[in-house]
Amino acid sequence: MKLEPIIISLLDTDLYKFNMDQVIFHKHTDLCGEYYFRCRNQGVVFTKEMFEEINAQINHLCTLTFQKDELDYLNSIRFIKPDYVEFLRLWRPIRDYVETSLSPEGELNIKVSGPLFSAMQFEIYLLEIVNEVYFRMRYDYDTLRASAKERLDQKIADFQRGKYTFKFAEFGCRRRLSREWEDEAVLRLCRETKNCIGTSNVYLAKKYGVKPIGTYAHEFVQMYQGIDSIPLAYTNHYAMTDWYDEYKGDNGTALTDTITTDLFLLDFNRAMVNNFTGVRHDSGDPYEWGEKIIAHYQKYGADPKSKLLLFSDSLDFDRAQALFDYFKDRAKVSFGIGTFCSNDTCEKALNIVIKLQTVNGRAVAKLSDTPDKAMCRDADYLEYLKRSVAFRLNREK
């Protein structure tokens, strides 16, 4: 079963890939990285035919370049800078950076390695490819799509009758059912409700004239762990400093949980509280996190009602509404909702990730506020990172 091309534009990725890459392009072109694929679902088997199709789709991806209208669109985004767009005019995905293999048991392995400014761009494209190949070749796609449409119809009706009142952005690229289904879901959510304020998918934002949304991901903070001169427990400080220097507060939602929110708050000082418009939650209890963040703003005399709490951890609309109702009178509240928008069908979605694991030959890791989300190929390094974090927390709190 040969599929049509899944990636047809290099804009078909999350905005934060460009945001992070611009900082790397300006400040850290000497960094090289390795990314590894992981499927967190138990018992998922990739067939030989799926593996061959995934490779064919990667080959196609690596024939693409940015087109003039795409570069013009990136130039129109206020905080994307002309010299970075000129770099993208020359950039293309390089096939040699991607290694794939399939175990006899059907476990899919993917490794991406190369200069960080290039290797990091593969993550979303590869996840889009793997997910769509799996669902089109494992199930009857028409049945999946019909169930997705039925559920989307109900979600839209619930917004229209006032069951849901919160604002959100669609964050569904990486685990979408298919390119064409994410396209339809974004179009309908933006046009048939007043609640979807945009999408992380730059291609769809351009196509439908909606706001592209995103700041940075865990990998951005992780990469500082690979820089020899930076102490491990201070990587949030250096990441936020570089981010503010690049964007001057114009693209300012900070991610708190790369090496735990408690450690993040030690570096989220008065200057950073003022420099960033808000913070994003991606692990741990969201209510405890929100209370902690509000108390932190109050500690520095900042009005929490002027700051954004952005929730993005495995949300559905009911959980989002409950969080909105709880915090709406105390802070600005919004949501990034992914799989529930782009791959809610009669079959269970895959929980697949591609994570940065080494920088310049050194292990890096994400701890998060949910221990099960930690991912590191070097167990000794992971324990060392945990001890470094604990040491600073014990000393400074």
Those residues of the range 352-374 which are surrounded by fewer than 20 Cβ atoms within 10 Å (Cβ to Cβ) and modelled with pLDDT under 95 amount to Thr370, Pro371, Asp372, Lys373, Ala374
Across the range 190-209, the tally of residues that are open to solvent by 30 Å² or more (accessible area, probe 1.4 Å) and either assigned to a loop (DSSP other than H, G, I, E, B) or of a type in the set (S, T, N, Q) (or both) stands at 2
Checking Leu144, Leu187 in turn, the sole residue that is more than 16 Å from the chain's Cα centre (by Cα), farther than 19 Å from Ser312 by Cβ and buried (at least 17 other Cβ atoms within 10 Å of the Cβ) turns out to be Leu144
Within the range 93-141, the count of residues that are among the small types (Gly, Ala, Ser) and surrounded by fewer than 16 Cβ atoms within 10 Å (Cβ to Cβ) comes to 3
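For (1) modelled with pLDDT under 95; (2) in contact with a strand residue (DSSP E or B) (Cβ under 8 Å, 6 or more places away or on another chain), each residue gets a yes or a no:
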residue	(1), (2)
Arg179	no, no
Asp183	no, no
Tyr203	no, no
Gly209	no, no
His218	no, yes
Gln225	no, yes
Gly249	yes, no
Asp262	no, no
Leu266	no, no
The number of residues in the range 344-353 that are over 27 Å from Glu34 (Cβ atoms) and in contact with a helix residue (DSSP H, G or I) (Cβ under 8 Å, 6 or more places away or on another chain) is 4
Scanning the range 54-68 for residues that are without any contact (Cβ under 8 Å) to a residue 60 or more places away in the chain and not polar (S, T, N, Q), the one surrounded by the most Cβ atoms within 10 Å (Cβ to Cβ) turns out to be Phe66
Output for Cβ contacts, cut-off 9 Å, separation at least six or different chains, first residue over 11 Å from Leu177 (Cα atoms) in the range 144-157, second surrounded by 19 or more Cβ atoms within 10 Å (Cβ to Cβ) and of a type in the set (Gly, Ala, Ser), reads Leu152/Ala185
Quick one: would you say Leu315 is assigned to a loop (DSSP other than H, G, I, E, B), of a type outside the set (S, T, N, Q) and within 28 Å of Ala157 (Cβ to Cβ)?
yes
From the option list Glu182, Glu219, single residue qualifying as in contact with a Lys or Arg (Cβ under 6 Å, 6 or more places away or on another chain), under 27 Å from Asn351 (Cα atoms) and in a helix (DSSP H, G or I) is Glu182
The helices (runs of 4 or more DSSP H) lying wholly within the range 7-91 that contain at least 1 residues that are in contact with a Phe, Trp or Tyr (Cβ under 6 Å, 6 or more places away or on another chain) are 15-27, 48-61, 82-90
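The values are calculated or read from the model by the stated rules, or taken from the named source; none is laboratory data. Everything numeric here is computed off the predicted structure, so don't read it as measured data. Reconstructed Cβ throughout: ideal geometry from the backbone, glycine too, with neighbour counts over all protein chains shown. Heavy atoms of the whole protein, side chains included, go into the accessibility calculation; ligands, DNA and RNA do not. Shrake-Rupley method; radii C 1.70, N 1.55, O 1.52, S 1.80 Å.
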